[in-house]
Structures are given as C-alpha cells and as structure tokens.
Amino acid sequence: TMHATSSSLLLACPTGSRVASSRRAPRHARVRAAAASSTSSSPARLEGEALEAYMARMAEDLTHLFDEQGIDRDLYESDVSFEDPLTKYDNIDGYLFNIGMLKNVFTPTYTMHAIEQTGDWELSTRWTMEMNLPEFPFVWRPKLTFTGTSVMGINPATMKVRTHFDTWDAIDTQGFFLKSRSPEGVREVFQQIFDFTKQPDLETPRYQVLRRYAAYEVREYLPFLVAETRTAAEGASRAAAGGMTGGGDGSNFNPFGVLAGYIFGRGNQTGEKMPMTTPVFTSPGTMQFVLPSKYTDPSQVPPPKDGVPVRVQKVRGGVYAALRFSGVATDAAASDAEARLLDLIDRDGLTRATGAASSLAQYNDPATPPPQRRNDVMVRLEGFDRSKLDPPEGIRSLARS
C-alpha cells in the first residue's frame, strides 16, 4: 500500500521552455503581491515572473494533495467549482471533503507529470492517481488507476482558482455523470473494482502508468535484470505463449524448467537460490525470468553452470503499451491480444519502437483459475512525450461551462 505522494516532474512555461520541478518555488509573498496589485487593474494575461511563481506554488502545493499537510485552501475561491466524472462540488469545503474521503478510504498516490498555461488565466496539469481499496470487503484487493488532466481557471482579481475540471483518459464523455448523462465514468470504476485477475505477492518490475485508456495502458518501466533462455526457433514471428511448457520447435527443450533450475540454484555456479518473481516474459524466440531488484548489474548475478543455456541481461526500461487479458494465455489468445494492441496504438497515433518485438507477460502459476490469471501483451514505444497534456477535444469549453 502506498501512502506517500509524489510530485513532479516538470513545469512548462508558456514559451514551451521547461523548468525542473526540483527548482525551489519563489516565496508565496510574490504571488500574494501580484494578487494584491491585480485587484485594482487586472492584467489581460497571467505571464512572466508572476506566472512562473504561480505555477511553481501550485505544483508544490499539489504534492500535499493526500498527505497530512493537505492543499492550501487559500489558493482556491470559497465558491470554487470542482467537477470530475463522478463528483461535483460548488465550494471549497465540498472539494476538501472529497479529498479527505479519498485519502482515508483509498490511500491514494498522486503523481503530477506536467503543468502548463493553457489560457490567459488558466493552468492545466497532467497526472496519474492510484488507489487501493480496503481489504474488506474487497478481499481480491483491486487497485484503481486513473490518468487524466485538470483544467484550473484563475480569478484575475484574487489570483485564486475558481474552477477545477478533471478529465479521465479512459472515457470519451467528460464531466459529472449526472450532468453529462453518460455512464462511462461509473462503468470505468466498476470495471476496475471487479477485475478479478490476481497478481501474486511477488516482486515485479516497477512501472508508472502514464495513460490508462479504456482498452490498454501506457507504462514507463524502470530498468531491471532478467535471466533469459531460448524458446522457439530463431526468427519466430510472435510471442510464443506455449513456450511455458515446450520449445515450440518440436524438441523436448523446456525453457521454463531451465530458468527455474538456474534461479533455484541447480543451474548456477554458486548454488544461490533466488526468490521467485513475476511475471514470466516470452517473446519471439526467448523466455525471461525477472531477477530480484537487489541485483542492479549482471556482474552481481551468479553465472550459469557450463552448458546451461541461460544469460543474464539488463532490460533498460522505457515506455510500453500494454493490454491485459485473463484466461489461459494460449498462442491464439496472445496473438489476438497482440493484434488488438497494435491496432489501438496505431489508431491513437503512438509509435512502436523500431524493431521492437511484442512480448507476453504471464503473472500466475498454472494452479490459478483461468478467470483470475493476469496476462499482458506489451510493445515498446518510441517518441512518447510523458509530459504532454494531451487533453480530450473540446475540454476547455467544457471546463468553462
């Protein structure tokens, strides 16, 4: 369970230049002075030093969204209008109540990826929020992930936020569901809650969800090490799910057994037993076991015994598109999921990395009931801008309505 919030990552100025978020924010007095001077004669646009100070203060304040300090209510009008696909409040007390409820029930983690000026008196942010439901009654321990944007309108006379409109990437019709008359937001929440696929309590590569769309995710992985062996013949055209039990090339070679022998000590020169991890990756011609994160370089890992066809490699991390499916990951199921994922990223204008093969990630052992098995088909992307706001079409007019 994650309790800490993380903020982040960069600030974008109206000229397009970016300032690292580690830069210290100017003193609050500079923002207040700007607000005081604007009451008599408000400028046509928030810009220059005042804009930079305001964005820095807002970015820093949002790091406290779900911690004990909380956000600064003085940044918001008393009658601020807050709206997202599930809730709508017309005052600061309602907005703070919603934040408190989320904090106490769901232990959320909020990460801001970018903040930019999107209007004369308007700022927008891009973010990821992850939430954990309580173990009772949610014994299957679902984890909810939302990505989206926030559009904040600022009152020039007071320099306070007067409107705050949140969007979710996973839905098409934005706005409070009773106002928009769209069930998409409610349906998205229930689909995530009642996703019964299970991830074992084993170490897994760390990643951040950058976009959660209705059918797939875009994730950024940190680097990790794998132990790798061959599956099907070189040049196989797709991820071979059947490689879990055989080489796929007519031989009796068992890649899973080879890798299991290596990590359990029988197949490495020191006899070291390494803890199990998840998932098992298969891609054309190869199978990979993830190695524990205590190893950060291949030189730290026990070498395989002579004649054991295992090599240790570092996966450099990066941005991947991933489509999850349940059930038994047969070759046909994996191939179908791969085709759907490639169609989706093509539709959304994302670029598959040159020469990147698709891979299949299987998280569960064969004893797990098929409806509870988690499988991901993944493909590396290139040129993905993690800080791009990428708001839904027409969102600015909706936010101002």
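The values are calculated or read from the model by the stated rules, or taken from the named source; none is laboratory data. Model, not experiment: these values are computed from the prediction. We place every Cβ from the backbone using ideal geometry, glycine too, and count neighbours over all the protein chains shown. Calculation scope for accessible area: heavy atoms of the full protein, side chains included, ligands and nucleic acids excluded. Shrake-Rupley method; radii C 1.70, N 1.55, O 1.52, S 1.80 Å.
Across region 211-223, the number of residues qualifying as open to solvent by less than 30 Å² (accessible area, probe 1.4 Å) and within 21 Å of Ser293 (Cβ to Cβ) comes to 2.
Filter region 343-357 down to the residues that are under 20 Å from Gly285 (Cα atoms) and modelled with pLDDT of 95 or more and list them by number.
The answer is Arg352, Ala353, Thr354.
Pairs are defined by a Cβ separation below 9 Å, a sequence spacing of at least 6 or placement on different chains, a first member in region 102-119 that is within 19 Å of Phe136 (Cβ to Cβ), and a second member that is among the hydroxyl-bearing types (Ser, Thr, Tyr); the pairs so defined are Thr107/Thr1; Pro108/Thr5.
For Ser124, are the conditions met, namely being open to solvent by less than 40 Å² (accessible area, probe 1.4 Å) and within 25 Å of Glu220 (Cβ to Cβ)? Judged against the criteria, Ser124 is a match. Among the strands (runs of 3 or more DSSP E) confined to region 284-348, the ones with at least 3 residues that are open to solvent by less than 60 Å² (accessible area, probe 1.4 Å) are located at 286-290, 318-325. Considering only residues of region 354-380 that are in contact with a Gly (Cβ under 8 Å, 6 or more places away or on another chain) and surrounded by 15 or more Cβ atoms within 10 Å (Cβ to Cβ), which is farthest from Val151 (Cα to Cα)? Looking at the filtered set, the residue picked out is Arg373. Screening Pro391 with (1) buried (at least 19 other Cβ atoms within 10 Å of the Cβ); (2) closer than 26 Å to Gly317 by Cβ; (3) at pLDDT below 95; (4) not hydrophobic (A, V, I, L, M, F, W, C) gives one miss only, at (2). Taking region 188-231 as the range and being closer than 16 Å to Met378 by Cα and of a type in the set (Lys, Arg) as the test, the residues that pass are Arg206, Arg211, Arg212, Arg219. Counting only residues that are part of a loop (DSSP other than H, G, I, E, B), in contact (Cβ under 8 Å) with a residue 40 or more places away in the chain and open to solvent by 40 Å² or more (accessible area, probe 1.4 Å), region 177-199 holds 4 of them.
You will find that of Ala232, Ala236, Ala260, the residue that is modelled with pLDDT under 95 and open to solvent by less than 20 Å² (accessible area, probe 1.4 Å) is Ala232 and no other.
Quick one: how many residues across region 79-127 are outside any strand (DSSP E or B), acidic (Asp, Glu) and under 23 Å from the mean Cα position of the chain (by Cα)? The number of residues fulfilling the criteria is 1.
Yes/no per residue for (1) in contact with a Leu (Cβ under 8 Å, 6 or more places away or on another chain); (2) open to solvent by 10 Å² or more (accessible area, probe 1.4 Å); (3) at positive phi:
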{"position": "Gly70", "(1), (2), (3)": "yes, yes, yes"}
{"position": "Tyr76", "(1), (2), (3)": "no, no, no"}
{"position": "Asp84", "(1), (2), (3)": "no, yes, no"}
{"position": "Glu130", "(1), (2), (3)": "yes, yes, no"}
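Being open to solvent by less than 60 Å² (accessible area, probe 1.4 Å) and under 21 Å from Arg340 (Cβ atoms) holds for only one residue in Thr204, Thr147, Thr173, and it is Thr147.
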